[in-house]
Amino acid sequence: MGNQITTLLPLVVVPAFLARIYYRWQNDFLRKLRGPDSSSFLYGNDIDLICQNEVGDCEFKWAREYGNVWRQHGCLGTDRLVVADPEALRYILHVPGYHFDKRKEVLKFVEMTFGRGLTWATGETHRRQRGVMNPAFSAPQMRTFLPMFQNSASKLVQVLKEEVIAAEPSGQLVVDMIGWLSRTTLDVIGEAGFGFQFGSLDGLENPLRKQNENLFTGTPLRYGFIIRTIWYYILELPSDPLRYLPTPRYRRFRRYSAFMRNFSQGIVERSIIEGDGKDVMSVLLRANASEDPRRTLSDIEMVDQIATLLFAGHDTTAKSLTWYLYEIARNPECQERVRAEIAAIRAKKSGEELSATDLESMAYTLATIKEGLRLHPIVHTLLKEATQDDVIPLSSPIVTKSGEQVSSIPVRKGTLVDLAVGVYNRLPEIWGIDANEFKPERFLDIDKSHRSNVGVFGNLMTFSSGPSGCIGWRFAVLEMQTIIVTLLENFEFSLPPQTEKTRIYRKLAGGLMASVVKGGKGAWMGLVVKSLEE
Ligand code: HEM
Ligand SMILES: *[C@@H]1O[C@H](CO)[C@@H](O)[C@H](O)[C@H]1NC(C)=O
Ligand SMILES: *[C@@H]1O[C@H](CO)[C@@H](O)[C@H](O)[C@H]1NC(C)=O
């Protein structure tokens, strides 16, 4: 009996989903759109994305060939709509009612590893969670974090001077900045996020830090991709088939999740008892207590916000800072101009700490930060799916395969939509023909008529936008301003001699765009760090 079922099952299931793929394909507007030919039956164009020399190579090329909207082949015929058109992005991110929400495969992974926090929440659950959480990320709230940011930034400078540069005072030392920036942003998110002292700049070992460091190591399951596609997008089954896999990588995700739940439980209990904390979680707990009970976070949702903050707020900021230092090292005139701007503000301060207003008044420095985030969005592509039938408007028409011009794209429920953040951030229509170059001035004298109305910060897609855009963008910007100003007041950064061994490439690591060198192990950003005279 059991044997018969196992032989019969494929005979039913396989034709059923082939018929289904065919039916969808016949009825889909996507198939009228131009786009790259499929490179592999199993993987579609995803194989091109995996094999490309640097993140963005394929998408930049496809956008030049097909315009700002194109069709891309995915795994087993699950085609995707790729969007870099400003009006289309604005519509997708701002249309009320969650017409375009987070993609299932991402959600399941997030749920397994980081639990039911904000990055997992969709639809009404998301609206409720976000409603409680938004006030904890307001501009006035962020200003209260400034002393914590300054404290960690000063510690970073001190450690670099005492431990790194003092050991090699030649002034030509190549320092891999990634580890240092990662420790700094970990200490910051621990303290400002949930009142926990990691002490990683003080050299303290911490089991939580260990868990975080190794989370994404090891090779992903070879066929995980195919299993997920069949499961979620062809059979449309709920639950998560990979959750119980006995591979080392998945065991590590599950161990992490169990560890985090226990750790976070302790933090929440302590915060409730102490009651007067200044960190994000304490603010959240107080907000939850004063809300209408129908609009609050459950206990497990609250606990899981800690893993969520660590996941969303640590490596993201560290990698963005890394890319910033890379650009500033490559552009010494810009670096000098930033330093001069800091010195001018300092001269007025007679020794006190800089305020948030001082940081805001550094227009050129802020422009360099925007320019770094524009060229190096660590989330290079955002994965969404249509939750209902809809029509996406375009700012400029595109030409279909048959030569017809269309100025909007009908999509069906379930359509997979990729938002091409990196492509949008370099569109010549918006940023000018020098869009590939690092030119902070573009943010000082930008022609307003060329601007779209997309992102939350500098009109960039780097933090996404709308009701599910990055909730922590103000946190990230203020943290980056503080760390950058403190570093540039104390050090000069330059590139080491450029050889095949030191040339930096953009590669994905744990889903984020990281800097690597050929043949290197993991992310690397070696810069010559020279201490400036006091
Ligand atoms: C430069 C650093 C950062 C970048 C580039 C960045 C970027 C992003 C992006 C692209 C998203 C996805 C939005 C979407 O799905 O449409 C996101 C979501 C999120 N980010 Fe950030 N982020 C950064 C730093 C932070 C920090 C410091 C925090 C917390 C303190 C944070 C917390 C979150 C959370 C909780 C979400 C989920 C929002 C939601 O689903 O409603 N991020 N971020
Ligand atoms: C759970 O967390 C507490 C501290 O909050 C710690 O003492 C304990 O060892 C943790 N248990 C496990 C199994 O990690
Ligand atoms: C948030 O508030 C609700 C309703 O008052 C309550 O049931 C829940 O336990 C609170 N969550 C936390 C973590 O305190």
- Per-residue ³J(HN,Hα) for region 465-475, Karplus 6.51 cos²θ - 1.76 cosθ + 1.60, θ = phi - 60°, Hz, x for Gly and Pro: 6, x, x, 10, x, 4, 6, x, 5, 5, 4
- Note on the structure: Going through Lys61/Lys501; Lys210/Lys319; Lys61/Lys413; Lys102/Lys155; Lys104/Lys439 one by one, the pairs whose alpha carbons sit over 30 Å apart turn out to be Lys102/Lys155; Lys104/Lys439
- Diffusion coefficient in µm²/s returned for region 223-286 by Stokes-Einstein, Kirkwood Rh over C-alpha pairs, 37 °C and 0.692 mPa s, is 223 µm²/s
- Item | Evaluated at q = 0.10, 0.11, 0.14, 0.17 Å⁻¹: base-10 log I(q)/I(0), Debye formula over Cα of region 408-513 | -0.45, -0.54, -0.87, -1.22
- Note on the structure: Spelling it out for Asn206: with amide H atoms placed in the peptide plane at 1.01 Å from N, the residues 5 or more places away or on another chain with amide H under 5 Å from its amide H are none
- Amide H neighbours of Ile398 under 5 Å, counting only residues 5+ apart in sequence or on other chains, H built in-plane at 1.01 Å? Val406
- Message: Can you report the principal axis dimensions of the chain using only the alpha carbons, biggest first, rounded to whole angstrom?
- Response: 78, 56, 48
- So what's the projected area for region 1-109, the Cα convex hull averaged over all directions, in nm²? 10.0 nm²
- How large is the dipole of region 33-531 about the Cα centre if only Lys and Arg carry +1 and Asp and Glu carry -1, each at its Cβ, rounded to the nearest 20 debye? 940 debye
- Can you list the HN-Hα couplings for region 228-239, worked out from phi with the Karplus curve (6.51, -1.76, 1.60; θ = phi - 60°), rounded to whole Hz and with x for Gly and Pro? 4, 4, 4, 5, 8, 9, 9, 7, 6, 8, x, 6
- Task: Place a label point 7 angstrom from the Cα of Ser170 along the Cα-to-Cβ direction, then list the residues of region 469-508 whose backbone nitrogen is under 19 Å away.
- Result: 492-503
- Any aspartates and glutamates whose Cα falls less than 17 Å from that of Lys518, other than same-chain ones fewer than 8 residues away, would be Glu54, Asp57, Asp176, Glu500
- Message: I need the phi-derived Karplus couplings for region 295-301: 6.51 cos²θ - 1.76 cosθ + 1.60, θ = phi - 60°, integer Hz, Gly and Pro marked x.
- Response: 10, 10, 8, 6, 4, 6, 4
- Message: Can you tell me the orientation of helix 332-347 relative to the chain, as the angle in degrees between its alpha-carbon axis and the longest Cα principal axis, to the nearest 10?
- Response: 50 degrees
- Using the Kirkwood radius over Cα pairs of region 236-390, the Stokes-Einstein translational diffusion coefficient at 20 °C and 1.002 mPa s, in µm²/s and rounded to a whole number, is 105 µm²/s
- Query: Pulled fully out, how much extra length does the chain show between Lys518 and Asp445, if you take 0.36 nm times their separation in residues and subtract their Cα-Cα distance?
  - Reply: 22.5 nm
- Message: Angle check, please: helix 146-159 long axis (alpha carbons) against the longest principal axis of the chain (alpha carbons), in degrees 0 to 90, nearest 10.
- Response: 70 degrees
- Furthest towards positive pole of dipole, Trp70, Phe253, Pro10, structure part the chain, Cβ charges: Pro10
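Every number here is computed from the coordinates shown, using simple stated rules; none is lab data. In this text the structure is predicted, and so the values were computed from the model without any measurement. Positions of Cβ are backbone-derived with ideal geometry, glycine not excepted, and every protein chain shown enters the neighbour counts.
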